[in-house]
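Engineer: The structure that follows is given in the form of structure tokens.
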Amino acid sequence: MHLDGVDITARLLPTDYPPNVHFTIRSVTSLPEEWSEQFDLIHQRLLLPSLRTNEWKETISEHFRVLKPGGYAMFVEITPEWPSGEGLKASEKVRDIVKQLHESRSLPFDCALRLPGWLTDVGFVDIKVNERKGPLGRKLGKFGEMGAQNHETVYRNMKKALLKERGLGLVDSEEEYDALVDQVVKEWHEVGAHYIWHLITARKPEEHDLLPKL
């Protein structure tokens, strides 16, 4: 087995890894030409804050190109219907902020819902969508606490971009945003919430798939 990893920067890549692993620094919208029909499986996740609609389509076309006939592509993305749970007013406000921040940069916040259509347009078949819930808050156990820590970090890291946009009319200062995220984390721990993930799989057709059915 040979594994190739792709990222636009080396900053988050490991420095110690097995000899059958190789990393390439480049955009997923333009993979190496020599990779055509080389891979059995592509796994891509969490590019919601990274790709505009046209870039999503370019990326999917590149995945189709580098897969062997019969190979599979797998995507994991968060849906716009989060958080799920009762009494999550602060969480819902942050969701609206995150949504508007994405839309202000022409990033499709509903990419998880649009992926099946984009995959169909490129030529993928056997497209399946599986929904998974990701727990948030210590009320939901160990994984809920881990999820809360992870997503709190994501929210705090968005602050700089948000303030660049002057709070999008939703928050007026750094202090106000910090207090809002504090309230979100408190809600998660006290009430419990979930993110909704879509695991989407699709297959590149083989020659016999393209033959007319008698």
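The values are calculated or read from the model by the stated rules, or taken from the named source; none is laboratory data. Since the model is a prediction, treat every value here as computed from it, not as a measurement. A quick note on method: Cβ atoms are made from the backbone with ideal geometry, for glycine too, and the neighbour counts reach across all protein chains shown. Protein only, heavy atoms only, side chains kept; ligands, DNA and RNA dropped before computing areas. Shrake-Rupley method; radii C 1.70, N 1.55, O 1.52, S 1.80 Å.
Engineer: Report every pair of residues separated by at least 6 positions or lying on different chains whose Cβ atoms are under 8 Å apart, first residue within segment 173-202 and at pLDDT below 90, second of a type in the set (A, V, I, L, M, F, W, C) and open to solvent by 40 Å² or more (accessible area, probe 1.4 Å).
Structural biologist: From segment 173-202, the pairs are Glu174/Leu163.
Engineer: Got a sec? Which helices (runs of 4 or more DSSP H) wholly within segment 94-200 have at least 1 residues that are open to solvent by 70 Å² or more (accessible area, probe 1.4 Å), charged (D, E, K, R) and within 24 Å of Ser61 (Cβ to Cβ)?
Structural biologist: Those helices (runs of 4 or more DSSP H) span 111-122.
Engineer: Return the total of residues in segment 116-143 being in contact (Cβ under 8 Å) with a residue 24 or more places away in the chain and within 19 Å of the chain's Cα centre (by Cα).
Structural biologist: Total satisfying the criteria: 13.
Engineer: Which residue is most open to solvent (accessible area, probe 1.4 Å), if the candidates are limited to segment 69-82 and must be touching a His at 6+ places or on another chain (Cβ under 7 Å) and in a strand (DSSP E or B)?
Structural biologist: Residue satisfying both the conditions and the ranking: Met74.
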